[in-house]
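Here is the structure we will look at.
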Amino acid sequence: MHVTTDDRFAEFRFGKWQGRTAQEVEQDWPGDLERWRSTGTFAPPDGESYAQLGARVWDGLTDLLAGGVDRTVVVVGHAGQIRTAVGQALGAPASHWSRLRIPPASLSVLRLWADGTTEVTAVGVPTDG
């Protein structure tokens, strides 16, 4: 199968938080890491929020859907992108997406239809306990 890359499925853009530990972020930007996780709309300095990541991921998924139905497409990404896709498919607000546990090397399955209907058939399988 032909493999392509699409920047819309890239990891979070953490801006000035990039490469820092949670402890370092908390030290330099007290309370902001929790705001980022809990609101879904707060972005790190020069970075992006869950809602912003979700918008670009969903744009990518929408374009894949426009490429044809009755087919299987595999998108590989990190937990952030997967959380946003699953959260949107469930109709959950961005403030809830960080609550989804996506274990490393797990599989999540979404079904998308041209009429906008979505179905989540698996999330984070197999789990890590």
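The values are calculated or read from the model by the stated rules, or taken from the named source; none is laboratory data. Here the structure is a predicted model, which is why all the values come from computation and not from measurement. Please note: Cβ atoms are built from the backbone with ideal geometry, for glycine as well, and neighbour counts cover all protein chains shown. Quick note on the areas: whole protein, heavy atoms, side chains included, nothing else; ligands and nucleic acids left out. Shrake-Rupley method; radii C 1.70, N 1.55, O 1.52, S 1.80 Å.
Worth a mention:
- Residue 123 long-range amide H proximity, modeled H, under 5 Å: 109
- Look at where the Cα atoms of segment 109-124 and of segment 35-101 average out, and the two centres are 13 Å apart.
- Reported label for calculated Kirkwood radius over Cα pairs in Å given (1) 15.6; (2) 16.4; (3) 14.9: (1)
- Ordering 36, 17, 72 by Cα displacement along the dipole of segment 1-83 toward the positive end leaves 72 in first place; charges were set at the Cβ atoms of Lys, Arg (+1) and Asp, Glu (-1).
- Computed from Cα atoms, the angle from the helix 79-90 axis to the main principal axis of the chain rounds to 60 degrees.
- Formal net charge of residues neighbouring residue 45 (Cβ-Cβ distance under 10 Å; K, R +1; D, E -1): -2
- Given R0 = 30 Å, the distance between the Cβ atoms of residue 119 and residue 22 translates into a calculated FRET efficiency of 0.35.
- Compared with the dominant principal axis of the Cα atoms in the chain, helix 50-66 is inclined by about 10°.
- Residue of 52, 88, 18 that the Gaussian network model of the chain assigns the largest fluctuation, springs spanning Cα pairs under 10 Å: 18
- Accessible surface computed residue by residue for the chain, with neighbouring protein chains in place and a 1.4 Å probe, gives 63 Å² per residue.
- Surrounding net charge for residue 16, when Lys and Arg each add one and Asp and Glu each subtract one, Cβ distance under 15 Å: -3
- Electrostatic bookkeeping for residue 61 treats Lys and Arg as +1 and Asp and Glu as -1; over the other residues with beta carbon under 11 Å from its beta carbon, the sum is -1.
- Put a plus charge on the Cβ of each Lys and Arg, a minus charge on the Cβ of each Asp and Glu, and nothing anywhere else: the dipole of segment 34-129 about its Cα centre is then about 260 debye.
- Percent accessible area from carbon and sulfur atoms, the chain, protein chains only, probe 1.4 Å: 53
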